[in-house]
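A short write-up of the structure that comes next.
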Amino acid sequence: MNNAQTAPVRRARTGKKVTYWVGRALFYLLVVFIIVYSVFPFYWAVISSFKTSDALFSANPSFLPIPFTLTHYQNVFSGAAFGRNLVNSLIVAGLSTLLSLVLGVLAAYALGRLRFPPKNAVLYLVLAMTMFPQVSVLSGMFVLLRQLGIFNTYWGLIFSYLLFTLPFTVWVLTGYFRGLPRELEEAAYVDGATPMQTLLRVMLPLTGPGLVTTGLLAFIAAWNEYLFALTFTIGNQVKTVPVAIASFGGATPFEIPWGSIMAASVIVTVPLVILVLIFQQRIVAGLTAGAVKG
């Protein structure tokens, strides 16, 4: 075969190689863009918390915390009851998550495994509850909490947070229970176990990754909740960190202390990062199981 005959073949191969490498280059450019777009706001918040106030408002801002300072972190803990607010958030989010898991497991087991006529109607009602915006229930919750005498208390916030953590927990865990083999449950019944014993000793240990994933997502939602905490609390007695950060004030009424706000945001994010790092293997297992079992 002479050169004239092989030239079209070589051009075709060269064209495929060029197309391949252009596609790979565009793919990696897209990956870099997504990473920068997703990570940059958090990176900017972290470095802003270590910058001086003058550097924050510089016309040519630096992408590094130069000059470096810890003044904003000192201001966060010295200017207000931020430590108390952190404890409040930990108590409210932790108890809300714990109650959601306890009640959610019982409800999800019944909806996922037991047979009763209005099961699907109840499940769709639970799903519908997650679609209502928080502002639509504010007035009703305000009256209810006042009548129960738990306004501006931990239990008032926990009771209101269950409005969004419990339906989410029930809906997600129902899918996990439906995906478990029915033979295990039938074998327990044959051995004389009651439905509660079957749930606690047979089914519940198999839903560990699902419980961790669901509990962590519910905890994050309760930890970052703002509207209920702003409406149902007065003063620092039970105020949570999102409301405390929003109420930061500067030296004058017209000054917004961005450095302190960024420092406080970094502080409240650290517990969530630690939880994700501790339970990362169970979270991945739970998300994978949920994806397969639907």
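Quick notes on this structure:
- Average accessible area per residue (Å²) across the chain - probe 1.4 Å, nucleic acids and ligands excluded: 60 Å²
- Segment Met129-Arg115, extension gain: residue separation times 0.36 nm, minus the distance between their alpha carbons: 2.8 nm
- Cα→Cβ-extended label distance, 7 Å offset, between Ile278 and Leu90, nm: 1.1 nm
- Sites Gln237 and Thr71, calculated FRET efficiency, Cβ-Cβ separation with R0 30 Å, nearest 0.05: 0.60
- Note on exposure: Ile158, Ile283 ranked by accessible area (1.4 Å probe, complete protein assembly) read Ile283, Ile158, with the most exposed listed first.
- Largest mean-square fluctuation among Val170, Val241, Val31, in a Gaussian network model of the chain whose springs join Cα atoms under 10 Å apart, belongs to Val31.
- Efficiency of FRET between Met196 and Ala45 - r from beta-carbon atoms, R0 51 angstrom, step 0.05: 0.65
- The stretch between Leu64 and Ser247, if pulled fully straight at 0.36 nm per residue, gains 63.1 nm over its current Cα-Cα span.
- Fully extending the segment from Leu230 to Val270, taken as 0.36 nm per residue of separation minus the present Cα-Cα distance, adds 12.2 nm.
- Loop-located trypsin sites (Lys or Arg not before Pro) in segment 121-185 (DSSP state not H, G, I, E or B) with no more than 10 neighbouring Cβ atoms inside 10 Å do not occur.
- Reachable aspartates and glutamates from Lys239, criterion Cα separation under 12 angstrom, eight or more residues apart if same chain: Glu225
- In this rough spin-label picture, where each label sits 7 Å from Cα along the Cβ direction, the Thr19-Leu98 distance is 6.2 nm.
- Once exposed loop chymotrypsin sites (Phe, Trp or Tyr not before Pro) are cut out (DSSP; at most 15 other Cβ, 10 Å), longest piece of the chain: 64-225
- A DSSP coil position with no more than 12 other Cβ atoms inside 10 Å describes the following trypsin sites (Lys or Arg not before Pro) in segment 81-128: Arg115.
The values are calculated or read from the model by the stated rules, or taken from the named source; none is laboratory data. Bear in mind the structure is a predicted one, so any value in this text is a computation, not a measurement. Don't worry about glycine lacking a Cβ; one is built from the backbone with ideal geometry, like all the others, and counts go over all protein chains shown. Surface accessibility is based on the protein's heavy atoms, side chains included, excluding ligands, DNA and RNA. Shrake-Rupley method; radii C 1.70, N 1.55, O 1.52, S 1.80 Å.
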